[in-house]
Amino acid sequence: MDRLVIEGGTRLVGTVGISGAKNAVLPLMAAALLADGSTTLTNVPRLKDIETFTDLFSHMGCGVFADPEAGTLRINASRLTRMEAPYDLVKTMRASILVLGPLVARFKTARVSLPGGCAIGARPVNLHLMGLEKMGADVAIEHGYITVKTSGLKGARIYLDTSTVTGTENLMLAAVYADGETVIENAALEPEVVELAQALKKMGAAIEGAGTDTIRISGVKELRPLEYSVMPDRIEAGTFMVASAMTRGNVLIKNCPLANLESLSTKLVDAGAGITAEEGGVRVTGNWPIKSVDMKTCPYPGFPTDMQAQMMAMMAMASGLSVITETIFENRFMHVAELRRMGADITVDGRNAIIKGLGRLSGAPLMATDLRASAGLVLAGVVADGTTEISRIYHLDRGYEGIEVKLNRLGANIKRIKE
Ligand code: EPZ
């Protein structure tokens, strides 16, 4: 397993480009399963999760051609031979559940391994399955697999008890061929949901209301394959905004989706950062002392849970008391123990983390535990005094395309030790 060795104490200065959004590519790949023909996606980042999903598509019999250098991915879903997602693939990438909706919609059957929990929480999929049952599918769970059969899905009114991005996406994908109208209420509002709806409409689907909490899908007979360029990754962009702000940096972030980062930007400005839209990007400057701010993770457009660990690293560098409340996932504070090893003063009380910012961190050997926690630890290492070593950085590679290369171009000093 690779590890990163970071010599800290650096300010980040320069320009960085943002890659395509992981959490947009995955549902767009699932949408390709709906059409008989070849879908081409561009601006696709080189990420482990996308490789894993690509392996699953090959397993199902799709023709898949990936050109990571060019950032293009072509998926031919004309001749699927297996309508199933096996455990050994799903266990490494739980978003594989996204093949369920399109397989049932187009082939009326699917067998998908029930995703286990992940480090940050139990992550049930009961709402995905409830929606399919409302649409007339027979759903069974046996031997760790979800088996779904239908003679043809019918439009239904589905209320999602909890805001779930992949739940909303899965049911939107399932509804495009259903007989009649499907209404998804309490739908997720995330930009990646809007992106998927735009792509499905480009394929010929009839969808209204994406980006609001009520999405209406009227079934159609056929969809054409897709040509689509993936939106920039708002969480990668947010990660670099925090990186500049916490290192007293001055970074121009190209193709930064600032409109999708309102809540994060507000918190960064409250903490003393400067954020200005310029020709060709967004400039983020950091000022010390960093001011302590409170935040509470919420479904979009609230403060993103995927930015919680990064902001906690920044609050550990602030000069005051801040409270971070995590409302989405029940176990998303695993980075706290690692930040404490760097001298951070953080107390966890249930869903609340109380951070007493000491204005400094010291480098230490750390272990990555999940994707976004690892990003927070990298940022902490860049700003800390001395050397930080982070093991198990395969977590990082799932969602960031060469983060250490991009940070080094901004003045960081990070070595990847391959093991
Ligand atoms: C998406 O997950 C993202 N993943 C997550 O990003 C992100 O953290 C999350 O949205 C929140 O913004 C993708 O888009 C692939 P969930 P999502 O498992 O919404 C409850 C990353 O770092 N729930 O649905 O699919 C669940 O318990 C990842 O890139 C049910 O109760 O997450 C949780 O409280 C991490 N029943 C909440 O909903 C269900 O059937 C969201 O969890 C489904 C979900």
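The values are calculated or read from the model by the stated rules, or taken from the named source; none is laboratory data. The structure displayed is predicted, hence computed values, not measured ones. Quick reminder, even Gly has a Cβ in these numbers, built from the backbone with ideal geometry, and neighbours come from all protein chains shown. With ligands, DNA and RNA removed, areas are computed over all heavy atoms of the protein, side chains included. Shrake-Rupley method; radii C 1.70, N 1.55, O 1.52, S 1.80 Å.
Here are some notes:
- Hits in region 124-137 - residues which are buried (at least 16 other Cβ atoms within 10 Å of the Cβ) and either assigned to a loop (DSSP other than H, G, I, E, B) or charged (D, E, K, R) (or both): 125, 134, 135, 137
- Long-range neighbours under 8 Å by Cβ, at least six apart or interchain, first residue more than 14 Å from residue 306 (Cα to Cα) within region 362-379, second within 16 Å of the ligand (Cβ to nearest atom) and of a type in the set (S, T, N, Q): 368/374; 379/239; 379/310
- Across region 155-163, not a single residue is classified as away from the ligand (no atom under 13 Å from the Cβ) and among the polar types (S, T, N, Q).
- Being under 30 Å from residue 409 (Cβ atoms), at pLDDT 95 or above, of a type in the set (Gly, Ala, Ser) and buried (at least 19 other Cβ atoms within 10 Å of the Cβ) holds for only one residue in 343, 357, and it is 357.
- Considering residues of region 74-97 that are touching an Asp or Glu at 6+ places or on another chain (Cβ under 9 Å) and within 16 Å of the ligand (Cβ to nearest atom) only, the residue modelled with the highest pLDDT: 95
- Selection of region 317-340 for residues being of a type in the set (Val, Ile, Thr), open to solvent by 40 Å² or more (accessible area, probe 1.4 Å) and outside any loop (DSSP other than H, G, I, E, B) yields only 323.
- Scope region 104-127; condition near the ligand (Cβ under 8 Å from one of its atoms) and closer than 21 Å to residue 371 by Cβ; matching residues: 118, 120, 121, 122, 123, 124, 125
- For the residues 207, 215, 235, the requirement of being among the hydrophobic types (A, V, I, L, M, F, W, C) and either in contact with a Pro (Cβ under 7 Å, 6 or more places away or on another chain) or within 30 Å of residue 11 (Cβ to Cβ) (or both) singles out 235.
- Applying the criterion of at least 2 residues that are open to solvent by less than 50 Å² (accessible area, probe 1.4 Å) to the strands (runs of 3 or more DSSP E) found wholly in region 199-316 leaves 206-208, 214-218, 250-254, 274-278, 281-285.
- The residue of region 98-124 that is nearest to the chain's Cα centre (by Cα), among those that are under 24 Å from residue 62 (Cβ atoms) and modelled with pLDDT under 95, is 115.
- Residues in region 46-74 that are open to solvent by 30 Å² or more (accessible area, probe 1.4 Å), in a helix (DSSP H, G or I) and not hydroxyl-bearing (Ser, Thr, Tyr): 4 in all.
- Restricting attention to region 186-198 and to residues that are touching a Leu at 6+ places or on another chain (Cβ under 7 Å) and over 19 Å from residue 29 (Cα atoms), the residue that is surrounded by the fewest Cβ atoms within 10 Å (Cβ to Cβ) turns out to be 186.
- Of 140, 174, all but one fail to be crowded, with 23+ Cβ neighbours inside 10 Å and more than 11 Å from the ligand (Cβ to nearest atom); the exception is 174.
- Of 104, 112, all but one fail to be in the same structural domain as residue 176 (by TED's automatic domain parsing), open to solvent by less than 50 Å² (accessible area, probe 1.4 Å) and either without any contact (Cβ under 8 Å) to a residue 12 or more places away in the chain or part of a strand (DSSP E or B) (or both); the exception is 112.
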